[in-house]
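Remarks on the structure that follows.
The values are calculated or read from the model by the stated rules, or taken from the named source; none is laboratory data. If you're wondering where the values come from, they're calculated on a predicted model, not measured in any experiment. Glycine gets a Cβ as well: all are built from the backbone with ideal geometry, and neighbour counts include every protein chain shown. We work out accessible area using only protein heavy atoms, side chains counted, and drop any ligands, DNA or RNA first. Shrake-Rupley method; radii C 1.70, N 1.55, O 1.52, S 1.80 Å.
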Amino acid sequence: MASGAKPRVKVPKTAAAGDTITIKTLISHKMESGQRKDKEGNAIPRSIINRFTCDFNGENVIDVAMEPAISTNPFFEFEALVPEAGEFKFTWYDDDGSVYEESKTIAMA
Amino acid sequence: MTLLKNTLSAVAVLSIMGAAVSAEPADDTLILNEETEMVTKTAAPSHLSDALDEIYSGWLFRGTETRAMQADDFDNPGMIFVEQAEEVWNTPEGSEGKSCASCHGATDSMAGVRAVYPKWNEATGEVRTLEMQVNDCRENQMGAEKYGYTSGDMTNMVALISSVSRGLPINVAIDGPVAETWEKGKELYYTRTGQLELSCANCHEDSYGMMIRADHLSQGQINGFPVYRLKNTKLNSVHARFKGCVRDTRAETYNPGSPEFVALELYVASRGNGLSVEGPSIRN
């Protein structure tokens, strides 16, 4: 696991059925592009999060392929339609094989 | 023809200068996390009455997106560093086996601390910045190594301590035992340095609100420090900023943590008495 990777998610606690809500996610990660060199001139190997997904009750909401030009601590903000109470699952996939997960439940108002 | 040419170029010069006139601070209110209303504009403290009527937080001189980013802790990248410092706060270090929390408890207990620093320390007879106080704790209470004055660890810790004071008014003392240091800071503020012969006041008192090329000059208030800068994606300390400014006048700078910068920090902080503590804020 890359050191210091820590996911954060902000989802409203409640919503009415059919509401569109705004979800914000951020994961602290250095997102080493593979383009930089260290003091000795050796390339620093690429180490990024290459995929981010969000699912709601098993149904996919968003699936993002990420590339090396994305900055440190990638932040995503997107909207989702909430048909019923349930659970959002968020997953980040690291180059080194690590998977970081977070989930948030949402109730009907 | 020559006359016409001259007139035309004179018009051209005038219109270029016309583009460089002042742009006022934004007319906006900072409400943190939809609950805490911050003071970003207020009457200048009495010691400043000759120079300024109103004081403005640097927040009002930044763009719409940058201002919005600071209004929500989730959007504020500076809070990532605050969280990192929170872990350090609770982790024992040094020969005494103590953490910050061993003596101070939860970080909430630090509320109000940032607002009154730099501050007189009776035991050592010196004016202390928050950084000096953190290092004193590490050295004498924890038996741990001192942090570098503008190091990431230090700046993150100062940001953590600052974050629990957000919304409280800056209120540094300028009289009594600190008066001498304050006067020294004031002198530095008005002293021109470097090949460009600029003092702090030339930009931040005489010309705030103007555009300096693409940058909107603020009053140079430090109520928002440590500052997350979009240009270097980390938290920046007051003294690192001072150093950058003095360097930009093309002068040899004082060192971060030097008596000169401590005095300057006290004076500049006092110019913001009444503004809310904002650190960690976001600037360009």
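Some values worked out for this structure:
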item	result
Helix axis angle, B:2-19 relative to chain B longest principal axis, alpha carbon, degrees	20 degrees
Residues of the stretch A:63-80 with amide N under 20 Å of a point placed 7 Å along Cα→Cβ from B:ALA68	A:71, A:74-80
Placed amide H near A:GLY86: partners under 5 Å, 5+ positions off or other chain	A:ILE106
In Hz, Karplus ³J(HN,Hα) per residue of the stretch B:259-274 (6.51, -1.76, 1.60; θ = phi - 60°; x = Gly, Pro)	x, 5, 6, 5, 5, 5, 4, 4, 5, 5, 4, 5, 5, x, 3, x
Spacing of the two label points (7 Å from each Cα toward its C-beta) at B:THR191 and A:THR91, in nm	6.3 nm
Förster-model FRET efficiency, 51 Å R0, B:GLU93 and B:ALA51, C-beta, rounded to 0.05	0.70
Options B:VAL227, B:LEU198, B:TYR267, ranked by Cα towards positive dipole end of the stretch B:163-270, top entry (Cβ charges)	B:VAL227
Evaluated at q = 0.09, 0.12 Å⁻¹: base-10 log I(q)/I(0), Debye formula over Cα of the protein assembly as shown	-0.66, -1.06
Given charges at Cβ of Lys, Arg, Asp, Glu: the protein assembly as shown dipole, positive-most of A:MET31, B:LEU32, B:ILE80	A:MET31
For B:THR193, residues with placed amide H under 5 Å, excluding near neighbours	B:LEU198, B:SER199
With DNA, RNA and ligands ignored, accessible area of B:ARG192 (1.4 Å probe; Å², nearest 10)	140 Å²
Computed magnitude of the charge dipole of the protein assembly as shown (debye, nearest 20; Cβ of K, R +1, Cβ of D, E -1)	1040 debye
³J(HN,Hα) computed for each position of the stretch B:207-221 - Karplus, 6.51 cos²θ - 1.76 cosθ + 1.60, integer Hz, glycine/proline x	10, 5, x, 7, 8, 10, 6, 8, 9, 8, 5, 9, 7, x, 6
Cα centre as origin, Lys/Arg/Asp/Glu Cβ charges: chain A dipole, Debye	480 debye
Angle in degrees between helix B:152-163 and the longest Cα principal axis of chain B, rounded to the nearest 10	90 degrees
For peptides B:168-181, B:267-280, sequence by mean Cβ density within 10 Å, most packed first	B:267-280, B:168-181
Nearest-ten-degree value, helix B:78-89 long axis tilted from longest Cα axis of chain B	20 degrees
At 0.890 mPa s and 25 °C, Stokes D of the stretch B:98-225 from Kirkwood alpha-carbon radius, µm² per second	145 µm²/s
Cα-Cα over 30 Å, subset of A:LYS10/A:LYS37; B:LYS146/B:LYS184; A:LYS13/B:LYS231	A:LYS10/A:LYS37; A:LYS13/B:LYS231
Potential extension, A:SER103-A:LYS6 segment - 0.36 nm per residue separation minus Cα distance	33.6 nm
Solvent exposure ordering (accessible area, 1.4 Å, most first) of A:PHE88, B:PHE81	B:PHE81, A:PHE88
Charge dipole (the protein assembly as shown, unit charges on Cβ, about Cα centre) - positive-most of A:ILE44, B:TRP59, A:PHE56	A:ILE44
Spin-label zone in the stretch B:137-164 - amide nitrogen under 19 Å from a point set 7 Å from the Cα of B:ASN255 along the C-beta vector	B:139, B:145-155
Net length gained if the chain between B:SER102 and B:ILE212 were fully extended (0.36 nm per residue, minus Cα distance)	34.9 nm
Computed magnitude of the charge dipole of the stretch B:18-169 (debye, nearest 20; Cβ of K, R +1, Cβ of D, E -1)	380 debye
Loop-resident sites, the stretch B:79-140, for GluC sites (Glu not before Pro), counting at most 15 other Cβ within 10 Å (DSSP)	B:GLU96, B:GLU122
